[in-house]
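Rule-based calculations on the coordinates, nothing more; no lab input. Owing to the predicted nature of the structure, the values given are computational and were not obtained by experimental measurement. Using ideal geometry, Cβ is built from the backbone for each residue, glycine included, and neighbour counts are taken over all protein chains shown.
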Amino acid sequence: MPSIIEIRDLSKVYAGGTTALSEVNLDIAEGEILALLGPNGAGKTTLISIICGLVTPSAGQVRVGGHDIVSSYRAARALIGLVPQEISIEPFERVINTLRFSRGLFGKPRDDAHVERVLRALSLWDKRDSMNKELSGGMKRRVLIAKALAHEPKVLFLDEPTAGVDVSLRREMWQVVRELRAAGTTIILTTHYIAEAEEMADRIGVIDAGRLKLVRDKTALMQEFGRKRLTVELTGPLDALPASLEPFELALSPDGTRLVYSYDTRAERSGIARLLAAIASAGLSVRDLVTEQSSLEEVFLGLVEEQA
Amino acid sequence: MNWLAIRAIYSVEMARFFRTIWQSLASPVLSTVLYFVVFGAAIGGRIQSVEGIAYGAFIVPGLIMLTVLQQSVSNASFGIYFPKFIGTIYEILSAPASFLEIVAGYVGAAATKAVLIALVILVTSFFFVGVHIAHPFWMVAFLILTAVSFSLLGFLIGIWAKNFEQLQIIPLMVITPLVFLGGAFYSASMLPPFWAGVARLNPVLYLISGFRWSFFDLADVPVGVSLFAVALFLLAGLFAVWAIFRTGWRLRG
């Protein structure tokens, strides 16, 4: 897939001297969902804001669809839709008019059929004549997405799209994002909810202290940095680990009935077969086996702590 | 040129005006009627004429100018400050629109509102005094140029303001005094020589003088100077807005 966004050596130092971004390089492929993870103040929103034209970069270059965001800002911005973190919406305007406004602002002629499609896709068609202030929080968030889609952008930025929304609405938002991706829209989202990135993203980028620590395919990231755990449930409790099992660096549960074995998913051999053989040789009988993979959250925390 | 962006901003701003059309018109019309009653009838009854013009008629251009300046500044400053306040400014700043297009939308709408209100006041004045317009073309030209220039000033105030108090302070503390001291209700020639000299430092004097000339063919300063002053004000405003968008001052991080 060709890159729709190319970021080269992008840096941002605010007037107060705070370095928000430092030499960020990133390519985002057309049609993918990229999740940007990072702690508060890591630089996620600054990165998005620079690409969208809300913040002026200190150094570096960004191209969207091959257009430089400074010298060809019209062409670059026309390709972008932005859903901000805060619910910022004109309270006294009607839903349908806010979409028409967004479309006009981005230089697209009025197209009621497209506006209707967007509103229907976001389950807002019935509310088209309602004033924005009359909508629930979840609906306002959907209006923000609808506004961002009103001018048919190729790239959609979602800055913390599900911050502060309930579980059912979050799942609803995820569904919307999947449908957008299916329609060919490139999506870049920042999130605090790692489960969200795990659920939806094709690739994960981790930003910390203004630096892009890594960008990996989600599955590869999980394999590369993730660890698996095998929990062996015994039929009877142990007081201490037998000496023959010490090389496996097992953890014994406090009640002595479970042995926990951690192994690297990248290793050529997991060592499970040898472990089970050693357990049998030690005269222990097994009731059950459970395997677990570390979550993206654990991977993320591990990465950030490792870098710190 | 992104004409559709200009139209989108202009339409939304005008829609807000028409949503509250009665408040928008009632307040300035009521104020003007009160001015006519107080200055035109009560005080004006004791001043027969100024430079051959009945006092009630003499104050009409000044009253219209007073309203145009106040409305231009308040409409334009609120127009850009409100999106800043509620956060929707992100959409304006991320749109494929130049500073000129954004300004044209907001300032165009603010100036249109001010001109509409001015015309309503002009019509209202016909009910109180006989007003003859000597140069209708120049009257409209001065009206539009002044409305646009002060809408630009209002736009700058809206960008500068960090709260509603700041939004109000310039119109209250600067614009209104300048209009009152700029000859809205008198001719600068009526002032003692020293104060007449001081009055010439007031830019609003040139606007009111030019506008009054378009009504009565008499002015405190030559009409060419008035036109030059309005044009200068307009260019200064445009330059300031251009510089703000170029640097992102109080708009972009």
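For segment A:46-168, what value does the Rg/Rh ratio take when both radii are computed over Cα atoms and Rh is the Kirkwood radius, given to two decimals?
Working: Rg = 15.0 Å, Rh = 15.1 Å.
Result for segment A:46-168 is an Rg/Rh of 0.99.
Averaged over all directions, how much area does the convex hull of the C-alpha atoms of chain A cover when projected, in nm²?
Over all viewing directions, chain A projects a mean Cα-hull area of 20.3 nm².
Between residue A:281 and residue A:14, what length comes free when the chain is fully extended (0.36 nm per residue of separation minus the Cα-Cα distance, one decimal in nm)?
Numbers: separation 267, 0.36 × 267 = 96.12 nm, distance 6.41 nm.
Gain on stretching residue A:281 to residue A:14: 89.7 nm.
I'd like the antiparallel share, as a percent to the nearest 5, of DSSP beta bridges with both residues in segment A:3-223.
55
With no solvent and one point per C-alpha, what does the Debye sum give as log10 I(q)/I(0) for segment B:3-247 at q = 0.08, 0.09, 0.12 Å⁻¹?
These q points yield log10 I(q)/I(0) values of -0.31, -0.39, -0.68.
Say we join alpha carbon atoms closer than 10 Å with springs in a Gaussian network model of chain A; which of A:160, A:116, A:32 then has the biggest fluctuation?
Largest GNM mean-square fluctuation: A:116.
If the reach is capped at under 16 angstrom between alpha carbons, list the lysines near residue A:108, excluding any in the same chain fewer than eight residues apart.
A:147, A:154
Report P(r) for segment B:1-144: all Cα-Cα distances, bin width 5 Å, range 0 to the bin holding the largest distance, values in whole percent.
Histogramming segment B:1-144 at 5 Å steps yields 2, 9, 17, 18, 15, 12, 9, 7, 5, 3, 2, 0 percent.
Based on alpha-carbon centroids, what's the gap between segment A:157-188 and segment B:76-115 in Å, whole number please?
About 30 Å separates the Cα centre of segment A:157-188 from the one of segment B:76-115.
Taking loop as defined by DSSP and a crowding limit of 13 other beta carbons within 10 Å, which chymotrypsin sites (Phe, Trp or Tyr not before Pro) in segment B:197-253 fit?
B:249
For segment B:183-244, what is one quarter of the convex hull surface built on the Cα atoms, given in nm²?
Quarter of the Cα hull surface area: 4.7 nm².
Could you give me the radius of gyration and the Dmax of the protein assembly as shown, taking only the C-alpha atoms into account and expressing both in angstrom?
Considering the protein assembly as shown through its Cα atoms, Rg and Dmax are 33.2, 122 Å.
Could you name the lysines whose alpha carbon sits less than 16 Å from that of residue A:140, not counting residues in the same chain fewer than 8 places away?
Partners found: A:127.
Which number comes out as Rg/Rh for segment A:227-294 once both Rg and the Kirkwood Rh are worked out on C-alpha atoms? Numbers along the way, then the final one.
Details: Rg = 11.4 Å, Rh = 12.2 Å.
Radius of gyration relative to Kirkwood radius: 0.94.
What percent antiparallel are the DSSP beta bridges of the protein assembly as shown, to the nearest 5?
The antiparallel fraction comes to roughly 70 percent.
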